[in-house]
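What follows is a single structure, written as C-alpha cells, with notes after it.
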Amino acid sequence: MKYIYFTFFLSAVLVIGACAKKEDSSSSSSSSSSTSSTTSSSSTYSRSSTPSSLSVSVPGGLSASTIKTSSSRTSGGRSADAYASSGPCQNVTQTGESEIPNNKVAVGCEKLANATELLGNSIMMGDVYLNLIDYLITNEKSFSTSSTCDDTKSIEFTSAMYESMKAMATQLGIDSSAYSDWTSKSGTKISLAYVYNTSSDSDYDYKLQVATACDNITNSSGVSTYLWNKTSNVIAVGFEDTGKNTKGVFTYNPTDNRSTYRVTEQEQVTSQSGGTDNNTNNYTVTMKNCNSTESDNTTGTCAVIKINLSITGKGVFPSGHANAGQSKTNAVVYYADGKSDDSGVYISGTYSDYTYALDNRSNMVDNHTWIYEGSWNKTGITYVKQNMDGGSFSTYPSTEPDNLTVYKQSSYSSSANTATLDNSSAVSAGSYVIVKDNSSNPNTAPETVIGVIERSHDNYTSDAWDNSSSAKLWVWDPVDKQYESDNATVTLQ
C-alpha cells in the first residue's frame, strides 16, 4: 500500500457539501471497503460525525470556470491594476463598445472569479480532511477527543472520497485539471497531523486542527482549524497556506444558507513603472442563497452577494512628484452588493483609490471615488454605469438591458450582521478585521475573525458574520505584512 505525505493546501469555501453512501467498514477492513467503493465510482462519501456541508450552493455565473481570467495568478507579469488587461471580464462588445475606460464593473468580474478560484481549489482539501477525521471518529472505537497532537494515523483515501471532492469541484465550476491528479491517489493512504478536541469557544462543540506536522500546530503555522456546532452544523474554518502566502477564514450557516469567505493574499505584481510591487489583496465575499422572492425569474441557482475588497501596494514616489523619493502606499477599496444566477451577475457599489506618503495612513496625497453598477455573463460585460468624484455618469449601452430587472433589488440581505465604527472620523484609511475579543489574534487564529471594515479616504464599508459585545479591531500593516491591534471601537448588531 502506498503512503502519501502531501504539502498542506489552504482550506476555504463556496462549495456545497456532498452526500451519498457511507462506508461501513471498520479500520481493519479498509482495504475491502476501498474495493467496494471503487466498483461504485458514482457514490460519494457521506459524513456523519463532522459537518456534512461546508457552503451554500454557488451560481454558475460566479464560477471560476465560467469567467475564465486571462492571466495566471502565479504569473510574474501580472499587472498592478485590479484586473487583467484582456479576457471575458474585459470583453465589452455586448455593450456596443470596443473598450470602456476605467471599467469598475470589470474589477468585480475578475476579482470574484479570482476569489472563487481560491475558494474552489482550497475547499477540496477541507473536504478531504473532514472525510478522513469523520472516518476515524466513526470506525475507530478508541478514537476520542484529546489536546495532544496525533501524527501516527494513515487513513485510506477511497474512491468515494475522491468522488466527494469531484462533486464539489463540479458544483463550484472548478476545472477538472484542479483535481485530476487525485485520481491516482484513490486507494492510497494519507498521513496527517491533527488535534481533535472539544472547543473552548462556547459557540462551537468541537475543534479540529490539521497540518502536515505537529510542530506546525504548536507554532500556529500552516494550520487549518475547524470549529463546528454539532446541533446547528454552523462551521468556521481558519486556514493558512504558507507556500501561497494566504491566510483567512470561512464560515457556513446551513440554517441561513449563508457563506462568508475572508482571505489575505500577498501577491507579487508588475508596477506601472515596470518594477515589482508586493500587493496585499484582502477579499471578503458573502453569499446567501436566494429566498423564493429573490429567486423569481432567475435561472438555476440564485444567490445574493456582497463583496468587500482592498488592494494595498508599496512603492516610491517617482521623480518630478512633489513627494519624490518618499515611500508611498497605493490602495483600492472596492465594495459591491448584487445578485447572481447561472446566467449572469449584477453588482452595484463604490470604488475608492488613494495614495498616502511615508507609511502614514493620515497623510493622503491623492484620492478618487467612483460609483458604479453593471452586469456580465460568461461571454463578457453586458452593462456599465459609473461616475468619478461626483461627476456625470457614463453609461454603456445608453439604455439599461431589460433583463437587469431580474437581478436589481432595493436592498440585498446577504450579511448576517452589521458592523459600525463608533467614531469613523477618528479612524484612518486601511483594511481592518474584527475579532471576537481581546484574547483573539487574527495573525495566529484567523478563525476568530467575525467581520471586516474597509476604510477609504472618504467612507467605509463593512461585513460581519457573527456577533460579540467585546469585539476588537485589528488593522493590516502593509509594511510588516501582518495585522496590528487598533484602539478604535466597533459595534456589532
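The values are calculated or read from the model by the stated rules, or taken from the named source; none is laboratory data. Just so you know, these numbers come straight off a predicted model, no measurement behind them. Cβ atoms come from the backbone with ideal geometry, glycine included; neighbour counts cover every protein chain shown. What goes into the accessible areas is simple: the full protein's heavy atoms, side chains included, and nothing from ligands, DNA or RNA. Shrake-Rupley method; radii C 1.70, N 1.55, O 1.52, S 1.80 Å.
Output wanted: per-residue J couplings in Hz (rounded whole) for region 440-451, from phi through Karplus 6.51 cos²θ - 1.76 cosθ + 1.60, θ = phi - 60°, x for Gly and Pro.
Karplus-based 3J(HN,Hα) across region 440-451 equals 8, 10, x, 6, 10, 9, x, 5, 7, 6, 10, x Hz.
When the distances between all Cα atoms of region 309-360 are binned every 10 Å from zero, what whole-number percent does each bin get?
22, 33, 22, 15, 8
Need one number: the % of Cα-Cα pairs in region 253-349 sitting beyond the 17 Å mark.
Numbers: 2952 of 4656 pairs.
In whole percent, the share of Cα-Cα pairs in region 253-349 beyond 17 Å is 63.
How much net charge surrounds Asp366 when only the other residues with a Cβ under 15 Å from the Cβ of Asp366 are counted, with Lys and Arg +1 and Asp and Glu -1?
Working: positive: Lys328, Arg361; negative: Asp353, Asp389, Asp458.
Taking every other residue near Asp366 into account, the sum is -1.
Sort 373-380, 89-96, 449-456 for me by packing, meaning the mean count of neighbouring Cβ atoms within 10 Å per residue, highest on top. Each step should come with its number before you reach the end.
Values: 373-380: 21.9, 89-96: 18.5, 449-456: 25.9.
Result, highest mean Cβ count within 10 Å first: 449-456, 373-380, 89-96.
So how much accessible area does Met364 have, in Å² to the nearest 10, using a 1.4 Å probe?
Roll a 1.4 Å probe over it and Met364 shows about 60 Å².
If you take the Cα atoms of region 130-260, find Rg, then find the Kirkwood Rh from the mean of 1/r over all pairs, what is Rg/Rh?
Details: Rg = 15.4 Å, Rh = 16.2 Å.
With Rg and the Kirkwood Rh in hand, the quotient comes to 0.95.
Name the lysines eligible as straight-distance cross-link partners of Lys207: C-alpha to C-alpha under 17 Å, and not fewer than 8 places from it in the same chain.
Lys230, Lys436
Provide the packing ranking of 222-235, 142-155, 332-345, i.e. peptides ordered by the mean count of other C-beta atoms within 10 Å per residue, highest first. Numbers along the way, then the final one.
Details: 222-235: 20.4, 142-155: 13.1, 332-345: 23.9.
Top of the packing list down: 332-345, 222-235, 142-155.
Going by amide H atoms built from the backbone, whose H comes under 5 Å of the H on Arg258, apart from near neighbours?
It is Asn253, by chain and number.
Counting heavy atoms of the protein chains only and a 1.4 Å probe, report the per residue accessible area for region 233-388 as a whole number of Å². List each step's numbers first, then the result.
Working: 5570 Å² over 156 residues.
Value for region 233-388: 36 Å² per residue.
Please give the residues of region 182-208, grouped as numeric ranges, whose backbone N is less than 14 Å from a label point set 7 Å along the Cα-to-Cβ vector of Thr255.
Zone members listed by number: 203-205.
In Å², and per residue, what accessible area does region 123-230 have when probed at 1.4 Å with the other protein chains present? Mind dumping the intermediate values first?
Working: 4040 Å² over 108 residues.
Solvent-accessible surface per residue comes out at 37 Å².
Go through region 407-414 residue by residue and turn each phi into a ³J(HN,Hα) via Karplus (6.51, -1.76, 1.60, θ = phi - 60°); whole Hz please, and just put x for glycine and proline.
Using θ = phi - 60°, the values come out as 9, 6, 10, 5, 7, 10, 9, 6 Hz.
Under a cut-off of 30 Å between alpha-carbon atoms, report the lysines in cross-link reach of Lys104, not counting same-chain residues fewer than 8 places apart.
Lys68, Lys244, Lys247, Lys288, Lys306, Lys314, Lys328, Lys339, Lys378, Lys385, Lys408, Lys481
Considering the Cα trace of region 299-426, what is its radius of gyration and what is Dmax, both in angstroms?
18.2, 55
Starting at the first residue of region 370-384, write each ³J(HN,Hα) from the Karplus equation 6.51 cos²θ - 1.76 cosθ + 1.60 with θ = phi - 60°, in whole Hz, x for Gly and Pro.
Per-residue couplings from phi come out as 10, 10, 8, 8, x, 8, 7, 10, 5, 8, x, 6, 10, 7, 9 Hz.
Would you grab the residues whose amide H sits under 5 Å from the one on Val345? Only those 5+ places off in sequence or on another chain, please, with H modelled 1.01 Å from N.
Trp376
Just order 480-486, 245-251 by mean Cβ neighbour count inside 10 Å, highest at the front, would you?
Details: 480-486: 14.6, 245-251: 24.1.
The most tightly packed comes first, giving 245-251, 480-486.
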